[in-house]
Amino acid sequence: MPTIVELISFPFHWSLQLQLQLSGTMAKDSTLLFFSLPILLLLLLSIFLLYTNFKIKWSKERKKRRKMNLPPGMSMSLGLPFLGETLAYLKPHQATSIGHFMDHHINRYGKIYSSNLFGEPTIVSADAGLNRFVLQNEGRWFECSYPKSIGGILGKWSMLVLVGEMHQEMRMISLNFLSAARLRTCLLPEVERQTRHVLQSWQAGLTFSAQEEAKKFTFNLMAKNIMSMDPDEAETEKLRLEYITFMKGVVSAPLNFPGTAYWKALKSRSVILKVIERKMDERLRRSYCSKGIEEDDLLGWALKQSNFSKEQILDLLLSLLFAGHETSSMALALAIFFLEGCPRAVVELREEHLRIIRQQEMRGECKLSWEDYKKMEFTQCVISETLRLGNVVRFLHRKVIKDVQYKGIDIPSGWKILPVLAAVHLDPSVYEDPQQFNPWRWQSQSRSHLAATTPNFMPYGGGPRLCAGFELAKLEIAVFLHHLVLNYRWELAEPDEAIAYPFVDFRKGLPIKVHKIT
C-alpha cells in the first residue's frame, strides 16, 4: 500500500514531467501561470495531509493515554508542532549539570515524566532503577532507536543503529577482537606507543588545544588497530581531517543540501569508506596470492572471522572508528580539565605512577606491563569520577516494542523512552556533592558506599548493548595519564568549560600550557 509521501509525490512528479514536455510548445509566461497553480495546490494538499495524519496520530495517542497510568508531563498537544519540546531539551548547558530543562521537569513532575521529543511521544527517565530496567530488557520490551539521520550518516549496518541478531553478530566480532588477552598482549603496547608519540610533540611554554591532542591520540590509535595505519603516514592525516568534517555532520541538523555540515559529512563519509575499501581490497588480493604479512587488526579479523558482506564490514569499521575515537578522546580531555582544577588529585596520581616506575626499574624494564596497569588503582578512581561528572554519553535512544509496566507506571508500545544517564550520575540522592570532582569517593575504604552506587554508574550503557570497547577506553586514559603526570605539569592557558550540545565539547578546545618535569 502506498505511503502518504508516495501518494503526494506521484502527482507532483507527473505534473512536473508534463510541464517539461509542454514547455517547448507554450509561451513562458502562460506556462508559468498555467502550472504554478496546480503545484501550489499540491503543496497545500501535502501540508494538509501531513497535518491531518499528525492530528489522527495524536488523537489515537490521547485515547490511549486516558486508559493508561502514564507518567505526568507536558501534554503532547503543546510545544512546537512535530518538534514538541525537543529544542528546549537539547539546549546547550554545562556538561557537569543536567541543564535547565531536565532540572525544571524533574522538580515539577518527578524523575520519570512524559514529553513530546524528536517528533514522538516520549518517556524521559532520570530514575536509576528504570534506566537499568530499560537497558537490561533490550530486545524484550525495548530496542535501540536513534534518529534516522544518524543511520543515514553512520550507515544502515552501524552497530549503533542495528538491533537483533545482526547487532549481536557484529558485537561479538568486536568483543573477540577486544578480548582481555588481546588487551594484554597487543593493545597495551600500542596504546603506550601512541601516547609517547603524541606527548613527545608537545613543546613547553606554548599554548595548544588539549582536546585536539586527545582526539589525535585516540584517532591514531583506532586507525592503527582498525586498519594498521601509522600516524606518520600522509594518508592517515588526510583521513583524520576528513573525519573531523564527518563528525561535525554527525552532530548537526540533518539538512542534506550543498553547503550544510550534514551534506559535507556525507561526502567525507564517502571518502573515508573509499580508503577502508581500498585497504580491504589490498588484503583480499594479498590473501589470494599468499603474499605479504597479515596485519593483526580489526579489518583482518572481520575478513577472517565473519561472513559479512563488504558493505557490512565498511559500516562496522566506520562505526567503531566513530565510537572508539570520539567518546574516549572527550573523556581524556575531561580528565585533563578536572585534574587541572584538583592539584591534590594530581599529586596522588603522580605518587602512584612513580611507584610503578620504580618497580619497573627494579625489574630492568622500561615499558608498562599488564601488572603495572592493574596497580593503577587511584587512576581508575580518577577515570570513574571523570566519566561520572563529565557524562560523555548523556542519554540513550530506545523504543518501546511491547506494553510494559514499571512500578505501576504504564510504558506504552510505540513510544520512545530516553534513559538519561547524566541525571543519575549527578543526582544528590545517589552521589554526595555530585558537582564536585572527588575521585576518592571510588576508593576501596568507601566500599560500602561504592557497593550502593555501582549499579547506578552506567557511563558505557549496560545490558546487551554495553559498550564493547569500554575496557580499551579505560586502558587508553590510564596509560596516557601515566606518561602525562610523570613528564608534565599543565595549566589552563585561558578559562574554558565543557558544554553539552548535547554532545560534550569544550568551548575553546581546552587550551593548555605544559611545563616539562625534570
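The values are calculated or read from the model by the stated rules, or taken from the named source; none is laboratory data. Treat the numbers as computed from the prediction; the structure is a model and nothing was measured. All Cβ positions, even for glycine, are placed from backbone atoms using ideal geometry, and neighbour counts span all protein chains on display. Accessible surface areas use protein heavy atoms only, side chains included; no ligands, DNA or RNA. Shrake-Rupley method; radii C 1.70, N 1.55, O 1.52, S 1.80 Å.
Scanning the range 257-291 for residues that are within 30 Å of Lys91 (Cα to Cα), without any contact (Cβ under 8 Å) to a residue 24 or more places away in the chain and either polar (S, T, N, Q) or not in a helix (DSSP H, G or I) (or both) yields Phe257, Pro258, Gly259, Thr260.
Among the residues making up the range 344-359, a single one is more than 19 Å from Tyr488 (Cβ to Cβ) and open to solvent by less than 100 Å² (accessible area, probe 1.4 Å): Gln359. Taking the range 387-418 as the range and being among the small types (Gly, Ala, Ser) and either over 24 Å from the mean Cα position of the chain (by Cα) or over 22 Å from Pro343 (Cα atoms) (or both) as the test, the residues that pass are Gly408, Ser413, Gly414.
Among all positions in the range 294-315, there is at least one residue which is under 18 Å from the mean Cα position of the chain (by Cα), at negative phi and assigned to a helix (DSSP H, G or I).
Inspect all residues belonging to the range 316-326 and state whether any of them is under 17 Å from Val479 (Cβ atoms), of a type in the set (Phe, Trp, Tyr) and touching a Ser or Thr at 6+ places or on another chain (Cβ under 9 Å).
no
When the residues of the range 132-141 are filtered to those that are in a helix (DSSP H, G or I) and in contact with a helix residue (DSSP H, G or I) (Cβ under 6 Å, 6 or more places away or on another chain), the one that is surrounded by the most Cβ atoms within 10 Å (Cβ to Cβ) is Leu135.
Considering each of Thr379, Thr386, Thr327 in turn, give the residue that is in a helix (DSSP H, G or I), modelled with pLDDT of 95 or more, under 30 Å from Leu241 (Cβ atoms) and β-branched (Val, Ile, Thr). Quick ask: steps written out before the conclusion?
Numbers: Thr379 fails: under 30 Å from Leu241 (Cβ atoms); Thr327 fails: modelled with pLDDT of 95 or more.
Testing whether each residue is in a helix (DSSP H, G or I), modelled with pLDDT of 95 or more, under 30 Å from Leu241 (Cβ atoms) and β-branched (Val, Ile, Thr) leaves just Thr386.
For the range 98-123, the candidate set comprises residues that are touching a Ser or Thr at 6+ places or on another chain (Cβ under 8 Å) and of a type in the set (Val, Ile, Thr); within that set, the residue that is farthest from Gly408 (Cα to Cα) is Thr122.
Of all residues in the range 362-421, those being farther than 30 Å from Phe506 by Cα and aromatic (Phe, Trp, Tyr) number 3.
For every residue, the table says whether it meets (1) in contact (Cβ under 8 Å) with a residue 24 or more places away in the chain; (2) open to solvent by 10 Å² or more (accessible area, probe 1.4 Å); (3) β-branched (Val, Ile, Thr).
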{"residue": "Leu321", "(1), (2), (3)": "yes, no, no"}
{"residue": "Glu326", "(1), (2), (3)": "yes, yes, no"}
{"residue": "Ser329", "(1), (2), (3)": "yes, no, no"}
{"residue": "Glu340", "(1), (2), (3)": "yes, yes, no"}
{"residue": "Glu365", "(1), (2), (3)": "no, yes, no"}
{"residue": "Lys375", "(1), (2), (3)": "no, yes, no"}
{"residue": "Arg388", "(1), (2), (3)": "yes, no, no"}
{"residue": "Phe395", "(1), (2), (3)": "yes, yes, no"}
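Residue pairs whose Cβ atoms lie under 8 Å apart, sitting 6 or more positions apart in sequence or on different chains, and linking a residue in the range 183-210 that is closer than 22 Å to Phe338 by Cβ to a partner that is part of a helix (DSSP H, G or I) and β-branched (Val, Ile, Thr), are Val191/Val479; Thr195/Val479; Ala210/Ile336.
Taking (1) of a type outside the set (Lys, Arg); (2) assigned to a loop (DSSP other than H, G, I, E, B); (3) buried (at least 17 other Cβ atoms within 10 Å of the Cβ); (4) under 20 Å from the mean Cα position of the chain (by Cα) in turn, Ser252 satisfies each apart from (3). Looking across the range 142-151, the residues that are part of a helix (DSSP H, G or I) and either polar (S, T, N, Q) or open to solvent by 40 Å² or more (accessible area, probe 1.4 Å) (or both) come down to Lys148, Ser149.
Residues are listed down the side, and each one gets a yes or a no for (1) buried (at least 18 other Cβ atoms within 10 Å of the Cβ); (2) not aliphatic (A, V, I, L, M):
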| position | (1), (2) |
| --- | --- |
| Pro121 | yes, yes |
| Leu162 | yes, no |
| Glu169 | no, yes |
| Leu175 | no, no |
| Glu212 | no, yes |
| Thr218 | yes, yes |
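When the range 397-408 is filtered for residues that are surrounded by fewer than 22 Cβ atoms within 10 Å (Cβ to Cβ) and either in contact with a helix residue (DSSP H, G or I) (Cβ under 8 Å, 6 or more places away or on another chain) or at positive phi (or both), the ones remaining, listed by number, are Tyr406, Lys407, Gly408. I'd like to check something: does the range 434-447 contain any residue that is surrounded by fewer than 14 Cβ atoms within 10 Å (Cβ to Cβ), over 30 Å from Val124 (Cβ atoms) and free of Cβ contacts under 8 Å to residues at least 40 places away in the same chain? Yes, that holds for at least one residue.
The criterion of at least 1 residues that are within 17 Å of the chain's Cα centre (by Cα) and modelled with pLDDT of 90 or more is met by the following helices (runs of 4 or more DSSP H) wholly inside the range 419-518: 421-425, 470-487.
Scanning for something open to solvent by 10 Å² or more (accessible area, probe 1.4 Å), under 27 Å from Phe208 (Cβ atoms) and touching a residue at least 40 places away in the same chain (Cβ under 8 Å), does the range 410-431 turn up at least one residue? Scanning the range 410-431, I find no residue that is open to solvent by 10 Å² or more (accessible area, probe 1.4 Å), under 27 Å from Phe208 (Cβ atoms) and touching a residue at least 40 places away in the same chain (Cβ under 8 Å), so the answer is no. Looking only at the range 194-210, filter to residues that are surrounded by 16 or more Cβ atoms within 10 Å (Cβ to Cβ) and not β-branched (Val, Ile, Thr); which one of those is nearest to Leu475 (Cα to Cα)? Here the answer is Gln194.
Conditions (1) open to solvent by 10 Å² or more (accessible area, probe 1.4 Å); (2) free of Cβ contacts under 8 Å to residues at least 24 places away in the same chain; (3) touching a Pro at 6+ places or on another chain (Cβ under 9 Å), marked per residue:
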{"residue": "Ala95", "(1), (2), (3)": "no, no, no"}
{"residue": "Ile98", "(1), (2), (3)": "yes, no, no"}
{"residue": "Ile106", "(1), (2), (3)": "yes, no, no"}
{"residue": "Ser115", "(1), (2), (3)": "no, no, yes"}
{"residue": "Val124", "(1), (2), (3)": "no, no, yes"}
{"residue": "Leu130", "(1), (2), (3)": "no, no, yes"}
